[in-house]
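Here's the structure we're looking at; comments come further down.
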Amino acid sequence: MKFELLDQVRTQNPIAFNISNFVTVQDVANGINAIGGSPIMSEEINEANAMVQMSNSVTINLGAFTEAQLDQIKAVGLAAQDNFKPVVLDPVAVGAVAYRLERCNQLLDEFPVTVIRGNAGEVAALADVEWQSKGIDAGDGNADVVAMAKALANKRNCVVVLSGKTDVITDGSRVTQVYNQTDLFKLHVGSGDMLSSTIGVFLGTGADPYEAAQMASLTFAVAGQVVANKMEQPLAGSFGPRLIDELYLINKSTVEAVGDFKEG
Amino acid sequence: MKFELLDQVRTQNPIAFNISNFVTVQDVANGINAIGGSPIMSEEINEANAMVQMSNSVTINLGAFTEAQLDQIKAVGLAAQDNFKPVVLDPVAVGAVAYRLERCNQLLDEFPVTVIRGNAGEVAALADVEWQSKGIDAGDGNADVVAMAKALANKRNCVVVLSGKTDVITDGSRVTQVYNQTDLFKLHVGSGDMLSSTIGVFLGTGADPYEAAQMASLTFAVAGQVVANKMEQPLAGSFGPRLIDELYLINKSTVEAVGDFKEG
Amino acid sequence: MKFELLDQVRTQNPIAFNISNFVTVQDVANGINAIGGSPIMSEEINEANAMVQMSNSVTINLGAFTEAQLDQIKAVGLAAQDNFKPVVLDPVAVGAVAYRLERCNQLLDEFPVTVIRGNAGEVAALADVEWQSKGIDAGDGNADVVAMAKALANKRNCVVVLSGKTDVITDGSRVTQVYNQTDLFKLHVGSGDMLSSTIGVFLGTGADPYEAAQMASLTFAVAGQVVANKMEQPLAGSFGPRLIDELYLINKSTVEAVGDFKEG
């Protein structure tokens, strides 16, 4: 685990371009700022190239795209490829809606992505594994989440972060499991989106994608757990602002001390 | 009052599809999660059918629709009708803007809705009663709010929730008034939208619409009052996250103990 | 400094129409409510005239516009001109993206604005001064911020509010500098947008634009500093709701007592 990547984020202050989910965009922007990046958002195709060029990474969240926006998303993905910028893809609800799965797979055929971050239902759908999603939630299934994540990483030649009770980070051969958790992540609607954009910030340092995804996932999970542990009862609404508080306050020592993970 | 509906929401965890107001969508999504539902949002017509089919209820908020979005809204409304899914309509600012009133009435002519939730100005406009709205606020008028709500319920053959200092819930003959309140609801921009989507969650249990609207309104009002009573001074900003905290923590006993209402 | 304008805002409760940045719109709406205005948002050209006519001021935020939205923005700007409604323009990221600068200058050629509120990078770009922006952040430069702000005020015949460590308010000849500050403004993504819409609320009283911009900027800066001073450590996420708390609680006496500024 490259703990020093957190310091690097704070020193480099990467510009993180996000095609965002309008449901959670404010939390995502504030989370990026708090962890040490600089967020920039746009839905306009005419500035796709400019946005990508000034950025250190691109995060594409498919949480609420419309057909009309797909051209912009493609333009951004292709610009990222041309400019060698790392891309995180968050395939929201592709496990639940056939239309989303189809469009997401089309995008993945058009341009390469560096990291896919999804829940079990989303990763299963992209990896063609049987799974029962429930709306935007992960749902349940009997498949081995590590095997599923590895299958998708190999299929799409990228790093996969499958987040859930345990976060699985894999490049198709190496696997890290992060055990830090809180149930409040599930109660707070933007948590997955924020994790994806946090990975984008870490990628923006130019670090190795697997190591960036590892450390981003661990930092985010530890921050959530630290916040939850300070609460006497679960506060589903206050968790949002306090998670952003902690993303700003957290440092390498805290991640080292609280981090609970297995590399292999 | 069917207090047990709150437990039923938590047990069934209804999927609540929301066509949302982009101003308040994050609070709405978190509120749905907190009370015990599972939110899903989309603005894309190609997935309208899929979204409706996987959902237990639909909430259509007209807070910030554009002409281009009306086709999707109609598609969702018709899909809800075809699939027997209950629909909540929130007619934001129809009391203030003639264009909105016209479009809202057109939608109401196209597909049936189960519940309309609005403030006095909005209900007055849809019921053709004289009233002076102020922007998105309710405004003032001399009309009898109960009579207005009943008139609209009978006109559109649905349940009407007229929220304000007193919330009025009516199916056109039966009337419930909820007296729990806090001025912070007015200060917090998303309160009305959250109430509408909370009603959507309760409808998603399959309960009788009048009983679902009653209990959803009472639960929401009690949650707001509980939060306000804990504050030494009104905290207009902190009210948002704390209301979501309470929507998660609130239970049947609290609603029974604090609830102040009259059925008739 | 016309301190009494704050009381006037609370008495008059101006309707503030905002074409908003979808990233920060919820904070903006809540901030408007808290300071004493009444927010209304729309992206629909068919209601542009109605919205402007019922409003006391218009705030146009270019944070996330699309080409398709430009027609509506122009319609709103022209309606404001026809109806003598003051306009605030927030030229987000025009210092960083050539496309945005071009479109923003085209808008400024089409209709007059009363106040431009931007950071140093944005004001520099609109005033044709050399400056190095960084994404949506102000960036660094050696130019004199007062000279830059005056140049833009004279070029566009409006009041300019250049916000940063020191806020500069100028009508091209008179200059006010506000020294109240907190670094948390930079960490919280919506701060600049909220300042712009707060200026819109103060303009909505019908006050002199320079005096309205002065007092709005001072009130907002004092509110932020008051919140920050109560924190033992910087809380990047909690700052958002607490700033809205303070925008509601703040009064003339607090602004007079804490305000640190120089008029000239």
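The values are calculated or read from the model by the stated rules, or taken from the named source; none is laboratory data. Just so you know, these numbers come straight off a predicted model, no measurement behind them. For neighbour counting, all protein chains shown are included, and Cβ atoms are generated from backbone atoms with ideal geometry for every residue, glycine included.
When B:M41, B:M54 are checked against the criterion of being within 7 Å of chain A (Cβ to nearest Cβ) and surrounded by fewer than 22 Cβ atoms within 10 Å (Cβ to Cβ), a single residue qualifies: B:M54. For segment C:125-132, state whether one or more residues are modelled with pLDDT under 95, within 25 Å of A:G36 (Cβ to Cβ), within 17 Å of the chain's Cα centre (by Cα) and within 13 Å of chain A (Cβ to nearest Cβ). No, the conditions are met nowhere in segment C:125-132. The set of residues from segment A:63-91 being of a type in the set (V, I, T) and either out of contact with any strand residue (DSSP E or B) (no Cβ under 9 Å at 6 or more places or on another chain) or closer than 21 Å to A:A212 by Cα (or both) comprises A:T66, A:V87, A:V88. When the criteria are applied in full, C:G121 meets the requirement of being modelled with pLDDT under 95 and either farther than 30 Å from C:D245 by Cα or in a helix (DSSP H, G or I) (or both). Only one entry of A:F17, A:F3 meets the criterion of being touching a strand residue (DSSP E or B) at 6+ places or on another chain (Cβ under 7 Å) and modelled with pLDDT of 95 or more, and that entry is A:F17.
Can you pull out the residues in segment B:96-118 that are over 22 Å from B:Q177 (Cα atoms) and not in a helix (DSSP H, G or I)?
B:A96, B:V97, B:F111, B:P112
One residue alone among C:I35, C:I60 is under 19 Å from B:F22 (Cα atoms) and in contact (Cβ under 8 Å) with a residue 24 or more places away in the chain, and that residue is C:I60. Going through segment C:78-120 one residue at a time, which ones are small (G, A, S) and surrounded by fewer than 24 Cβ atoms within 10 Å (Cβ to Cβ)? Once the filter is applied, which keeps residues that are small (G, A, S) and surrounded by fewer than 24 Cβ atoms within 10 Å (Cβ to Cβ), segment C:78-120 yields C:A79, C:A98. For segment A:165-263, the helices (runs of 4 or more DSSP H) that sit wholly inside it and include 1 or more residues that are touching a strand residue (DSSP E or B) at 6+ places or on another chain (Cβ under 6 Å) and surrounded by fewer than 24 Cβ atoms within 10 Å (Cβ to Cβ) are A:209-229. Return the residues of segment B:149-180 that are over 22 Å from B:E110 (Cα atoms), modelled with pLDDT of 95 or more and of a type outside the set (S, T, Y); say none if nothing qualifies. Listed by number, the residues that qualify are B:L162, B:D167, B:V168, B:I169, B:R174, B:V175, B:Q177, B:V178, B:N180.
Cβ-Cβ contacts under 6 Å between residues 6 or more apart (or on different chains), taken from a first residue in segment B:237-260 that is in contact (Cβ under 8 Å) with a residue 12 or more places away in the chain to a second residue that is outside any helix (DSSP H, G or I) and hydroxyl-bearing (S, T, Y), are listed as B:D245/A:S238; B:D260/B:Y179. Of the residues making up segment C:226-245, those that are of a type in the set (A, V, I, L, M) and out of contact with any Leu (no Cβ under 7 Å at 6 or more places or on another chain) are C:V226, C:M231, C:L235, C:L243, C:I244. Scanning segment C:16-32 for residues that are at the interface with chain B (Cβ under 7 Å from one of its Cβ atoms) and crowded, with 24+ Cβ neighbours inside 10 Å yields C:V25, C:Q26, C:A29, C:N30.
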